[in-house]
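Novice: Please read through the structure below; I'll follow up with questions.
The values are calculated or read from the model by the stated rules, or taken from the named source; none is laboratory data. Here the structure is a predicted model, which is why all the values come from computation and not from measurement. Here Cβ is always computed from backbone atoms with ideal geometry, including for glycine, and neighbour counts include all displayed protein chains.
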Amino acid sequence: MSIQSEHYDCVVIGGGPAGSATAALVAEAGYQTLLLERESVPRFHVGESLMPETYWCFERLGVLDKMKKSDYVQKASVQFVSSTGKESSPFFFEQHDPRESSRTWQVERAEFDKMLFDNAAEKGAECVDQARVLRVLMENGVASGVQVQQAEGPPMEVTARVVVDATGQQALVANQQGMREDDQDLKKVAIWNYFRGAFRSPGEQGGSTIILHTRDKDSWFWFIPLRDDITSIGVVADRDYLVQERGSPEEVFAEELELCPVLANWLSNAEETDRFRVAKEFSYRTGQQAGEGWVLVGDAFGFIDPIYSSGVYFALQTGLLAADAIIEGLAGDDLSGRQLGCWIEEFESGSIWIRKLVDAYYSNEFSFGQFLKEFPSHQGNLTDLLIGRIFYEGAGKIFDDMDPALEAARNPGSME
């Protein structure tokens with residue numbers, strides 16, 4: 001399909017979860033919406049593990065029944081394995097909250113993202129893949145459209161009242177406007193592949209996302225069970241540690257696996273099914289997330305870290321919140337940055353708790369297990385954060401005690 005018009009109410013750049021969510025709601029509200037994806041759909045993407053709070057996003061988008069009827073692996077818990085190989089008790093979400101929304105899925109992103117892309121089309125968006133946006137038409141901070149290269153023909157300009165950047169790590173607007181700020185505290189690299197035949201726990205725990213520290217806590221592995229006995233497994237560490245003066249991705253992965261005996265045992269009868277992939281320095285912020293005629297969503301807004309599987313949830317949530325602001329702005333002819341970004345402060349007030357949880361995990365001196373022994377009353381609050389339930393007053397109560405505990409662990413002499 002090719003672009004059918006030269007003007008739209010809303011142009012969304014990027015056909016991942018954030019872009020598809022935004023386009024679906026804006027189109028459903030009756031506005032002429034164009035969703036552009038530079039690759040051919042379906043396309044590969046990492047980030048298979050979902051947070052349970054995506055349930056409400058699926059309900060809002062009208063795809064919840066499709067998810068329930070799917071054969072994706074069900075995710076009922078999260079588990080952590082320490083650097084000594086000690087396995088934590090699984091954080092079973094339903095034990096904290098017995099509602100159906102406390103169970104989620106492990107998804108293959110190519111198929112999952114296509115479902116959301118197609119859903120946007122079903123709701124009235126014009127969805128075009130193999131359409132690469134070369135630049136956002138912007139003057140003095142005001143967006144007016146995009147220049148796009150389709151699979152065939154010369155580049156063309158498309159004007160729009162609102163431009164939504166959902167380009168993920170490409171972060172088109174942020175890079176074009178010099179607003180991308182790499183997170184200096186999270187200069188991480190990930191190396192991953194897919195394996196058939198990895199060991200899985202019996203019962204509900206078999207679908208759990210598992211996070212494993214290596215021996216010296218210099219790196220950690222994710223373990224995400226998928227369909228057809230395939231498991232997504234990746235290692236994450238500081239850039240300087242993982243890739244400086246080391247071998248190929250395959251060699252580095254193997255070396256780190258030796259430092260994680262529990263995982264090495266789980267993979268003893270497994271075989272690789274794909275090639276090793278690498279992602280570098282994926283954690284960043286943006287200095288500005290909305291302006292006159294434009295707004296950022298999903299990873300284009302910013303990305304924290306893959307450890308707690310917040311990426312898809314944040315993508316969907318920002319897409320829905322931005323869509324509401326766009327619909328209101330189009331109806332009232334107010335497309336100012338203040339209107340298009342009216343949701344950002346509230347979103348950041350919740351997402352900050354995930355960022356703080358990431359910081360705690362990367363503080364090697366700190367032990368979550370020891371902390372929960374000392375403060376067992378925070379077990380429920382921590383489970384809330386792992387579920388993604390972060391947008392309520394008191395969501396960060398755990399940090400009333402965790403912040404001092406972190407400070408004491410980092411500076412043991414400071415409490416004397």
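Novice: I'm checking my understanding of the structure. Among residues of the stretch 36-70 that are among the small types (Gly, Ala, Ser) and buried (at least 16 other Cβ atoms within 10 Å of the Cβ), which one is nearest to residue 156 (Cα to Cα)? Working first, answer last.
Specialist: If we filter the stretch 36-70 for residues that are among the small types (Gly, Ala, Ser), which is where we start, we get 40, 47, 49, 62, 70.
When the remaining residues are screened for being buried (at least 16 other Cβ atoms within 10 Å of the Cβ), the result is 47, 49, 70.
Working: 47: 33, 49: 37, 70: 39 Å.
Only one residue tops the list, namely 47.
Novice: Using the structure shown, decide if residue 355 is of a type in the set (Lys, Arg), not assigned by TED's automatic domain parsing to the domain that holds residue 316 and not in a helix (DSSP H, G or I). Don't jump to the end; show me each part of the working.
Specialist: Details: of a type in the set (Lys, Arg): yes; not assigned by TED's automatic domain parsing to the domain that holds residue 316: yes; not in a helix (DSSP H, G or I): no.
When the stated conditions are applied, residue 355 does not pass them.
Novice: Right, here's the next one. Any idea which of 80, 92, 117 is touching a helix residue (DSSP H, G or I) at 6+ places or on another chain (Cβ under 8 Å), touching a residue at least 24 places away in the same chain (Cβ under 8 Å) and surrounded by fewer than 18 Cβ atoms within 10 Å (Cβ to Cβ)?
Specialist: Working: 80 fails: surrounded by fewer than 18 Cβ atoms within 10 Å (Cβ to Cβ); 117 fails: surrounded by fewer than 18 Cβ atoms within 10 Å (Cβ to Cβ).
Unique residue meeting the criteria: 92.
Novice: When you look at residue 186, is it part of a loop (DSSP other than H, G, I, E, B) and of a type outside the set (Gly, Ala, Ser), yes or no? It would help to see each step written out before you state the result.
Specialist: On the way: part of a loop (DSSP other than H, G, I, E, B): yes; of a type outside the set (Gly, Ala, Ser): yes.
So residue 186 passes the test.
Okay, residues lined up against (1) more than 15 Å from the chain's Cα centre (by Cα); (2) crowded, with 20+ Cβ neighbours inside 10 Å; (3) over 30 Å from residue 138 (Cβ atoms):
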{"site": "313", "(1), (2), (3)": "no, yes, no"}
{"site": "329", "(1), (2), (3)": "yes, yes, no"}
{"site": "336", "(1), (2), (3)": "yes, no, no"}
{"site": "361", "(1), (2), (3)": "yes, no, yes"}
{"site": "376", "(1), (2), (3)": "yes, no, yes"}
{"site": "380", "(1), (2), (3)": "yes, no, yes"}
{"site": "391", "(1), (2), (3)": "yes, no, yes"}
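Novice: If you don't mind, there's one more thing I want to ask. Test residue 267 against the stated conditions and say whether it is over 30 Å from residue 337 (Cβ atoms) and among the hydrophobic types (A, V, I, L, M, F, W, C). Don't jump to the end; show me each part of the working.
Specialist: Details: over 30 Å from residue 337 (Cβ atoms): yes; among the hydrophobic types (A, V, I, L, M, F, W, C): yes.
Criteria met by residue 267.
Yes or no, residue by residue, for (1) buried (at least 16 other Cβ atoms within 10 Å of the Cβ); (2) among the polar types (S, T, N, Q); (3) closer than 22 Å to residue 83 by Cβ:
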| position | (1), (2), (3) |
| --- | --- |
| 220 | yes, no, yes |
| 225 | yes, no, no |
| 228 | no, no, no |
| 231 | yes, yes, yes |
| 235 | yes, no, yes |
| 246 | no, no, yes |
| 254 | no, no, yes |
| 259 | yes, no, yes |
| 263 | yes, no, yes |
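Novice: Scan the stretch 273-297 for residues that are farther than 20 Å from residue 243 by Cβ, modelled with pLDDT of 95 or more and outside any loop (DSSP other than H, G, I, E, B) and jot them down.
Specialist: 290, 291, 294, 295, 296
Novice: Scan the stretch 149-192 for residues that are of a type in the set (D, E, K, R) and within 23 Å of residue 293 (Cβ to Cβ) and jot them down.
Specialist: Correct list: 157, 161, 165, 180, 181.
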